[in-house]
1. Provide a single number: the residues in the stretch B:293-317 that are more than 14 Å from chain A (Cβ to nearest Cβ), surrounded by fewer than 22 Cβ atoms within 10 Å (Cβ to Cβ) and out of contact with any Asp or Glu (no Cβ under 8 Å at 6 or more places or on another chain).
2. Filter the stretch B:368-388 for residues that are more than 9 Å from B:Thr436 (Cα to Cα) and under 16 Å from the mean Cα position of the chain (by Cα); which is surrounded by the most Cβ atoms within 10 Å (Cβ to Cβ)?
3. Among the residues of the stretch B:284-314, what is the count of those that are without any contact (Cβ under 8 Å) to a residue 24 or more places away in the chain and more than 19 Å from A:Thr62 (Cα to Cα)?
4. Given the options B:Ala423, B:Ala419, B:Ala434, B:Ala393, name the one that is under 27 Å from B:Gln355 (Cβ atoms), modelled with pLDDT of 95 or more and either assigned to a helix (DSSP H, G or I) or of a type in the set (Lys, Arg) (or both).
5. B:Ala87 fails exactly one of the following numbered conditions: (1) within 14 Å of chain A (Cβ to nearest Cβ); (2) closer than 27 Å to B:Arg402 by Cα; (3) surrounded by 24 or more Cβ atoms within 10 Å (Cβ to Cβ); (4) not acidic (Asp, Glu). What is the number of that condition?
6. Give the stretch B:304-321 a look and list any residue that's more than 21 Å from B:Pro207 (Cβ to Cβ) and touching a Gly at 6+ places or on another chain (Cβ under 6 Å), or say none.
7. In the stretch B:91-106, how many are of a type in the set (A, V, I, L, M, F, W, C), part of a loop (DSSP other than H, G, I, E, B) and under 17 Å from the mean Cα position of the chain (by Cα)?
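The values are calculated or read from the model by the stated rules, or taken from the named source; none is laboratory data. Please read all numbers here as calculations on a predicted model, not as lab measurements. No Cβ is skipped: glycine too gets one built from the backbone with ideal geometry, and neighbour counts run over all protein chains shown.
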Amino acid sequence: MKHTLSVLVENRPGVLTRIAGLFARRGFNINSLAVGETEDPEVSRMTIVVDGEDERIIEQVTKQLNKLVDVIKLNDITQDEFVDRELIMIKVCCDSSNRAEIIQIVDIFRARIVDMGRNTVIIEATGDGGKVSAIETSLKPFGIKELVRTGKVALVRGAKNRHNE
Amino acid sequence: MASTITGAQALVKILEAEGVKQVFGYPGGAVLPIYDALLDSEIEHVLVRHEQGSVHMANGYARTSGQVGVCMATSGPGATNLVTGIATAYMDSVPVVIITGQVATSMVGTDAFQEVDITGITIPITKHNYLVKETKDIPRIMKEAFHIARSGRPGPVLVDIPKDVASDICIAEPSDKVELRGYKPNYKGHPQQIERALKMINQSQKPVIYVGGGVINSRATEQLLEFAEKAQIPVTTTLMGLGSFPENHKLSLRMLGLHGTPFANYAVTQADLLIGLGVRFDDRVTGAIEKFAPQAKIIHIDIDPAEIGKNVGVDVPIVGDLRLVLIDLISKLEPQEHSEWLEQIRRWKAEHPLQYGQGGKLRPQYVMEKLGELTNHNALVTSDVGQHQMWAAQYYAFERPRGFLTSGGLGTMGYGFPAAIGAQMADRDALVVAVTGDGSFQMAMQEMGTAVEQDLPIKIMLFNNNCLALVRQLQHFYCDKRYTAVNFTGNPDFAKFAECYNAVGLKIETPEQVEPVLKEALNNGKLTIIEVKISEEELVLPMVPNARGLDEMVEFPYGEE
């Protein structure tokens, strides 16, 4: 089962190294990691997706992360109601023969075309992991030249925030 | 003071405010400003012979005094030479603050002369570390470093200070408060879990208390004694826990694990309840984990939540300071008896004592036993790593906390002698004995110069078999006696080596010499090497073979049964 950890950390150089290093040396697998500043410029939020079949491994991951002095707060939000998003950009081969079809797919997924070249287009889409994977699959037959995908970011729904959660 | 002092001077002021008496170190270019500032302080600088010695000394100082030990080195090789010692302190939860010089900020990242990313290198082996980028941060960071090192589960904290950061003017006032929103150790045990633990203790017929170094760190040895006596529960200790419970006490099972006593290992295997206090269920203790205490419910009390449930499943976890948790437990505990269980343990002790053949040869076990007797089991003993370490653990019979300093977690050869120097610096009146071997001692013997300079009357008991005999023992059991790379044919005469430092060199070669030579050494008031010549064929027994349970130990050498 994949676990989603929402981690507030000090926004300082080296914090990412501490966290990534911890995962590497203790043999935990990171599925994805996204990090950015929060409303408080001294704090960053990391959304870490961890593969953990064994609950004991997840427990160790969270305990070890909590031990880091730079980790301010950690929540395993897997069981909570949360909104999560990933962003994908896909460069697809495109000419006059299939342009219409591609645009139709883009519309269906409520994605956007953000660049158009002579033989390619770049499509941007956001959504949860399932949607993002689905658009990738749908565009594959046209020939994907390049692709980039962020890790998942997530926020718990409702009134909870980092001061009272 | 605000605008007139340098970062280095601000740093020294914090050291003074933290009560630091000694700094163990080795100078160099990048750390010059800090050495310069230290010159104007009352703090004594102990000049070592190799940076690794400085961190082991700070470790020995900390473990003896219960205060934070401090060491210092320059950038680059000075810093990297500390790495083994930092890892040693980390594994054994020893509070040490390590200060390293760094190349100037304008040079950082350019592969400058003697530049190394020591904060990067030491992330996995420090509790926390800092690269100080601005002079104004020095007072805050130094305060935090001491706070982190000594609170919660103690550990080493490294502060890396670029040369210009140390020499610039420091405009920050030191504050008394430390504010770390991501670091708040929990000291008080959860009352509900304590209730559950009490219930489990009341229901148990065959309980065992299993004690580690955490009891010493939390100064809970008195509470441990009270708890064990009130509940009439036998106590076994790990290597790090030796001395936390008097080994001559009738409830003592002495050390458990790989080279533990048969009665400790049997008791743990048969127990229906195991109460782990400040331990981490290390592989040297558990043997094959699936065979460890198979019938026991487990109560685990530790200040570090990450240790609970890491290696074994736990029935009652209690996160907190052992001293406080034990006080809670004792106050609510009804006095108990476990006479049947204690009778069983008495039988095990009678039938399976620690033993070795006598037969006229000089036996290291006998020497350690004698040392225990002659020092009332009360000396401050340090050890290196090897067979001698295990004989010290098995045969000295420790009676007091902080009486045995050894590298338990990392198993660092070359630890014992510098640790003894740190220990003796912390307690000038103590009788300090560094138990070592010819292998380990040669990893640290350059510190003889430091011991002479500081006028320390340490007794170095050096078991010499011209062999790395614990490795030889592994080859004996696991490599079909194909011995390789274990014999030293170029060893010096260690007694003469002592003499060339104007120290005393003595030798023990027969059983008859043991008592008189030890007495001479213990009473001469001088730095002394006692070279004890033993056979390379000695084995450390009992021994739990790889992948076996604790009750499947080998008790006797083949042919001696």
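1. Total meeting the criteria: 2.
2. B:Val381
3. Looking only at that region, the number is 2.
4. B:Ala393
5. Single failed check for B:Ala87: (3).
6. Answer for the stretch B:304-321, where residues must be more than 21 Å from B:Pro207 (Cβ to Cβ) and touching a Gly at 6+ places or on another chain (Cβ under 6 Å): there is none.
7. Residues in the stretch B:91-106 being of a type in the set (A, V, I, L, M, F, W, C), part of a loop (DSSP other than H, G, I, E, B) and under 17 Å from the mean Cα position of the chain (by Cα): 1 in total.
Residues checked against (1) buried (at least 19 other Cβ atoms within 10 Å of the Cβ); (2) at positive phi; (3) at pLDDT below 95:
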position	(1), (2), (3)
A:Leu74	yes, no, no
A:Thr78	no, no, yes
A:Leu87	no, no, no
A:Ser96	no, no, yes
A:Arg99	no, no, yes
A:Val106	yes, no, no
A:Ala111	yes, no, no
A:Met116	no, no, yes
